[in-house]
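The values are calculated or read from the model by the stated rules, or taken from the named source; none is laboratory data. Source: prediction; values computed, not measured. When we count neighbours, we look across all protein chains shown, and the Cβ atoms used for this are built from the backbone with ideal geometry, even at glycine.
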Amino acid sequence: MPKIIGSSLTEHREQVRARMFDAVRTLLYASGFDAITLSGVAATAGVGRTAVYNHFPDREALLVAFVAHETDEYVTRLRAALAPVDDPVEALAVFVRMQLRVLAGRHTPPGTALNAALSPEAYRRMAEHVDLVTAELREILAAGARLGRMTDDPLDVLVAMVTACLASREVVDTAGDLEVTIETAVRFVLRAVGATL
């Protein structure tokens, strides 16, 4: 009989999943998705291999759940940071800073890119979770346009352009002080959307 972690079965399941997600994070950034196996995740997490299979039928399902978990945690932090901000220009600055700090804190996993390593269905499910972040950006830009503080150019184009600017590792990998780089990027994005300061 496996040992129960925590004070209840629900807490046990949550802690096992947390351990597995920590293991996926470690393995993903150390070796890439190609090297991840469910048995390797179990060993790194310190749980039985059966425990992993009780939660996830395969490594794609595990990765999709991991991305959902990471995104949900990030969106919670992002919404908390945006909650006290009424001005859409300042909200966009907060959004840009958070996006770039997260990007700076993560390294590109080695090996095959995830969109090539996953089935189209798994990649689509993973991308759906990222849409939560895009929705926050869309709301900020829409509010800025409504209040006349930003351009009223087509929202889909603006969202795509800002997202593309904030997705490039080249932005945070430049030589020099990261905070100076981030504040330069904030000013660039604000100018790009016609923000009135």
(request) Spot the failing condition for LEU27; the list is (1) surrounded by fewer than 20 Cβ atoms within 10 Å (Cβ to Cβ); (2) touching a Gly at 6+ places or on another chain (Cβ under 8 Å); (3) at pLDDT 85 or above, and only one is missed. (result) (1)
(message) Could you check region 5-17 and list, in sequence order, the residues that are in a helix (DSSP H, G or I) and surrounded by fewer than 16 Cβ atoms within 10 Å (Cβ to Cβ)?
(response) LEU9, THR10, GLU11, GLU14, GLN15
(message) Anything in region 36-49 that is of a type outside the set (A, V, I, L, M) and without any contact (Cβ under 8 Å) to a residue 24 or more places away in the chain? List them, or say none.
(response) THR37, SER39, GLY40, THR44, ARG49
(request) Select the helices (runs of 4 or more DSSP H) contained entirely in region 118-197, then report the ones holding at least 1 residues which are in contact (Cβ under 8 Å) with a residue 24 or more places away in the chain, among the β-branched types (Val, Ile, Thr) and closer than 21 Å to ALA68 by Cα. (result) 120-146, 155-167
(message) Taking the condition of being exposed (fewer than 11 other Cβ atoms within 10 Å of the Cβ) and farther than 21 Å from ALA164 by Cα, how many residues in region 116-131 meet it?
(response) 3
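Each row is one residue, and each column tells you yes or no for (1) assigned to a loop (DSSP other than H, G, I, E, B); (2) without any contact (Cβ under 8 Å) to a residue 60 or more places away in the chain; (3) out of contact with any strand residue (DSSP E or B) (no Cβ under 7 Å at 6 or more places or on another chain); (4) not hydroxyl-bearing (Ser, Thr, Tyr).
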| site | (1), (2), (3), (4) |
| --- | --- |
| ARG19 | no, yes, yes, yes |
| ASP34 | no, no, yes, yes |
| TYR74 | no, yes, yes, no |
| ASP86 | yes, yes, yes, yes |
| LEU100 | no, no, yes, yes |
(request) All but one of (1) more than 12 Å from the chain's Cα centre (by Cα); (2) closer than 30 Å to ALA35 by Cα; (3) not assigned by TED's automatic domain parsing to the domain that holds VAL24 hold for VAL102, so report the exception by its number. (result) (1)
(message) Residues that are surrounded by fewer than 13 Cβ atoms within 10 Å (Cβ to Cβ) and not in a loop (DSSP other than H, G, I, E, B): does region 54-71 have at least one?
(response) no
(request) Give region 48-91 a look and list any residue that's of a type in the set (Phe, Trp, Tyr) and farther than 18 Å from MET126 by Cα, or say none. (result) TYR53
